[in-house]
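Novice: Structure in structure tokens, see below.
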Ligand code: KIV
Ligand code: ZN
């Protein structure tokens, strides 16, 4: 039996699939969005912001399919302050058992300048659009974008209008990550004190992390009376990202003594979804990231290890098991069989159907032949590559041999399979990776620009797998490809090709599809 009263309960609103997916390069496929939504629903997220339906056909379909498949979570879609956006949003979310429309407009002086709306005209527009949304559903969220930089009197005025027009949740965004904890709390407190009807609605906090204070700002808002936190898995999101779900949820759990608020999140699901979001978005999790970083539970120094052996609480404020990390994990090797692999993957939060396991097992055996011990992180990298192969990639790396050493030039002999046809070429370059990338571009010419090339070792040792991330940009579209291999040059070639395949998918959808970034927030008509 739960003893949580409305006052103690903080709703978790996840916007990984909207604000998170908007982050340049973090685009997810339709199926990936559905999979992440199912995981969020399963872990107890109260509200899932599934996308921005007017932004593209793809976004619309993703939101409506997520709405249809939803079980317990409220499914929310984003809409600017105009009837067309709101109607489109409703068409997508209405399939959910519990739909929500989230409509917003930029209220700060800077935003009013851009939209060329006077204070009065904007107030009228807020009244009309929120009323319109409320005629479609009784679950309406309204956000004054850039609330933190909006004049306090005007903020109180527009919040009151939105409440009178029928908004049930008022979200206070720190759109540019500018606020500090004290101010974040003061604004919520001010609204609760000054706005008539404020006690009838839920106040939400939506913080960006530009100054690294998103988690602190969100928790300060809760202490002042906000009862909904907007956040994303791994803190994914525009620029420096949003408040990280795992951070606020674990902070509320671990420091329940001083912040006596509950969430409905099953925290043991945190690690699994963090890994999956990192895989599908192509955004690696920083090693020392709070809660979900690779080092978050690693104790390296002698003093720490000694303390840990005597009493874990010396240096550990939460247990790895609380976030779904198995305590100690024994590596697999080339003698491990299918059953051991299945059990290990299940343990890591990746249950496999027989047909999936078949492919993963072949890849595992291949890796185990080249690498003495296969660690959890190796398996995660391997699952990502298996997932990429599932997506019917048009270009595949068939063969690669590089000649490198102290004598220039280095060269790459490469065969790519393009739409089922093998194409071979040998290219020289400034190092083996440069030669390989030149060969790829020679076979498959592209105007895409390499924005980022990043390598890190997945595990330790000279036989460690390297994970390579490649970010490409073409006509404003940004995609990230990733791959892992014990050979860094092979991983680089596969990551580049993976990014190319993602670009091709986006090109195909490109015409009317485009994406959220082409729909300007400030474009309110
Ligand atoms: O950061 C922001 O202001 C937003 C709004 C659309 C809520 O994401
Ligand atoms: Zn935002």
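Novice: Give the range 168-194 a look and list any residue that's surrounded by 22 or more Cβ atoms within 10 Å (Cβ to Cβ), more than 16 Å from ligand 2 (Cβ to nearest atom) and under 27 Å from the mean Cα position of the chain (by Cα), or say none.
Specialist: 188
Novice: Would you please name the residue that is nearest to ligand 2 (Cβ to nearest atom), looking only at residues in the range 196-217 that are within 22 Å of residue 9 (Cα to Cα) and part of a loop (DSSP other than H, G, I, E, B)?
Specialist: Among those that are within 22 Å of residue 9 (Cα to Cα) and part of a loop (DSSP other than H, G, I, E, B), it is 201.
Novice: Among 51, 58, 20, which is the only one that is on the phi > 0 side of the Ramachandran plot and either touching a strand residue (DSSP E or B) at 6+ places or on another chain (Cβ under 9 Å) or in the same structural domain as residue 241 (by TED's automatic domain parsing) (or both)?
Specialist: The conditions single out 51.
Novice: Of all residues in the range 1-58, which are within 20 Å of residue 506 (Cβ to Cβ), in contact with a helix residue (DSSP H, G or I) (Cβ under 6 Å, 6 or more places away or on another chain) and either free of Cβ contacts under 8 Å to residues at least 24 places away in the same chain or within 16 Å of ligand 1 (Cβ to nearest atom) (or both)?
Specialist: Selection gives 16, 17, 22, 26, 50, 51, 52, 53, 54, 55.
Novice: Do the conditions hold for residue 411, that is, is it touching a strand residue (DSSP E or B) at 6+ places or on another chain (Cβ under 8 Å), under 30 Å from residue 21 (Cα atoms) and in contact (Cβ under 8 Å) with a residue 24 or more places away in the chain?
Specialist: Spelling it out, it is not the case that residue 411 is touching a strand residue (DSSP E or B) at 6+ places or on another chain (Cβ under 8 Å), under 30 Å from residue 21 (Cα atoms) and in contact (Cβ under 8 Å) with a residue 24 or more places away in the chain.
Novice: When residues of the range 250-275 are filtered for being farther than 19 Å from residue 225 by Cβ and part of a helix (DSSP H, G or I), how many remain?
Specialist: 12
Novice: Does the range 333-344 contain any residue that is touching a residue at least 40 places away in the same chain (Cβ under 8 Å), under 30 Å from the mean Cα position of the chain (by Cα) and part of a loop (DSSP other than H, G, I, E, B)?
Specialist: No, the conditions are met nowhere in the range 333-344.
Novice: Would you be able to tell me the number of residues in the range 19-49 that are over 18 Å from residue 95 (Cα atoms) and within 15 Å of ligand 2 (Cβ to nearest atom)?
Specialist: 7
Novice: A further question follows. Of everything in the range 424-436 that's out of contact with any helix residue (DSSP H, G or I) (no Cβ under 6 Å at 6 or more places or on another chain) and not in a strand (DSSP E or B), which residue is surrounded by the fewest Cβ atoms within 10 Å (Cβ to Cβ)?
Specialist: Only one residue fits best here, namely 430.
Novice: Does the range 260-278 contain any residue that is within 16 Å of ligand 1 (Cβ to nearest atom) and over 17 Å from residue 47 (Cα atoms)?
Specialist: We begin by selecting, within the range 260-278, every residue within 16 Å of ligand 1 (Cβ to nearest atom); these are none.
So far as the range 260-278 goes, no, none of its residues is within 16 Å of ligand 1 (Cβ to nearest atom) and over 17 Å from residue 47 (Cα atoms).
Novice: Related question: Could you check residue 246 against (1) within 16 Å of ligand 1 (Cβ to nearest atom); (2) under 30 Å from residue 455 (Cα atoms); (3) modelled with pLDDT of 95 or more and say which number it fails?
Specialist: Evaluating residue 246 over (1) within 16 Å of ligand 1 (Cβ to nearest atom); (2) under 30 Å from residue 455 (Cα atoms); (3) modelled with pLDDT of 95 or more leaves (1) as the failure.
Novice: Inspect the range 361-373 for any residue being more than 26 Å from the chain's Cα centre (by Cα), buried (at least 16 other Cβ atoms within 10 Å of the Cβ) and in a strand (DSSP E or B) and give the result as yes or no.
Specialist: no
Novice: Could you say whether any residue in the range 375-386 is modelled with pLDDT of 85 or more and either surrounded by fewer than 16 Cβ atoms within 10 Å (Cβ to Cβ) or assigned by TED's automatic domain parsing to the domain that holds residue 271 (or both)?
Specialist: No, there is no match, as no residue in the range 375-386 is modelled with pLDDT of 85 or more and either surrounded by fewer than 16 Cβ atoms within 10 Å (Cβ to Cβ) or assigned by TED's automatic domain parsing to the domain that holds residue 271 (or both).
Novice: Test of understanding: among 486, 459, which residue is closer than 20 Å to residue 378 by Cα, at pLDDT below 80 and surrounded by 16 or more Cβ atoms within 10 Å (Cβ to Cβ)?
Specialist: 459
Novice: Quick check on this structure: which one of 237, 241 is closer than 16 Å to residue 217 by Cβ, in contact with a strand residue (DSSP E or B) (Cβ under 9 Å, 6 or more places away or on another chain), within 16 Å of ligand 2 (Cβ to nearest atom) and modelled with pLDDT under 95?
Specialist: After ruling out the rest, the residue left standing is 237.
Novice: Let me ask something else about it. Applying the selection to the range 92-116, what residues are away from ligand 1 (no atom under 16 Å from the Cβ) and in contact (Cβ under 8 Å) with a residue 24 or more places away in the chain?
Specialist: Within the range 92-116, 92, 94, 95, 96, 97, 98, 99 meet the criteria.
Novice: State the number of residues belonging to the range 404-423 that are over 13 Å from residue 493 (Cβ atoms) and in contact with a helix residue (DSSP H, G or I) (Cβ under 8 Å, 6 or more places away or on another chain).
Specialist: Number satisfying all stated conditions: 6.
Novice: Let me ask you something else. In the range 225-240, which residues are in contact with a helix residue (DSSP H, G or I) (Cβ under 6 Å, 6 or more places away or on another chain), crowded, with 20+ Cβ neighbours inside 10 Å and outside any strand (DSSP E or B)?
Specialist: 226, 233, 234, 236, 237, listed by residue number.
The values are calculated or read from the model by the stated rules, or taken from the named source; none is laboratory data. Bear in mind the structure is a predicted one, so any value in this text is a computation, not a measurement. Reconstructed Cβ throughout: ideal geometry from the backbone, glycine too, with neighbour counts over all protein chains shown.
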